Amino acid sequence: MPYKRRGRIPAASKALAYQVRRLREARGWSQEACAEAADLHPRVVVSIEAGSTDPRLSTVVSLADAFDTTLSRLIARPPKGAAKKKR
């Protein structure tokens, strides 16, 4: 089970949250469709995008496969200010 955190969100989790949301929205996927493509429970995608969990490596690999991207791209830090922009 992933670790649930309280308090401040680390930069790596913010980067993953940003990239997952960006890639998911670019494909026009709902969080449920993203979870299905990655063979994950929808709550996992919600938690990752919220930055409230530290997912297992296997979960991040499943997401990278679903997005047809590399792990390094999936965890790349967003451009400065990009993560703070309103949707």
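Only the coordinates and a few stated rules stand behind these numbers; no lab work does. This structure is a prediction, so every number in the text was calculated from the model and none was measured. All Cβ positions, even for glycine, are placed from backbone atoms using ideal geometry, and neighbour counts span all protein chains on display.
A few remarks follow.
- For the range 19-25, Karplus couplings with θ = phi - 60° (6.51, -1.76, 1.60), whole Hz, Gly/Pro x: 5, 4, 4, 4, 5, 5, 5
- Hull-based mean projected area of the range 9-76, where the convex hull spans the alpha carbons, in square nanometres: 3.7
- Label-point gap, in nm, between HIS41 and ARG77 - each point 7 angstrom along Cα→Cβ: 3.3
- Length gained on full extension, GLU25 to ALA12: 2.7 nm, using 0.36 nm per residue less the C-alpha separation.
- J(HN,Hα) series, the range 53-66, from Karplus relation 6.51 cos²θ - 1.76 cosθ + 1.60, nearest Hz, glycine and proline x: 9, 9, x, 5, 4, 4, 5, 5, 5, 4, 5, 4, 5, 4
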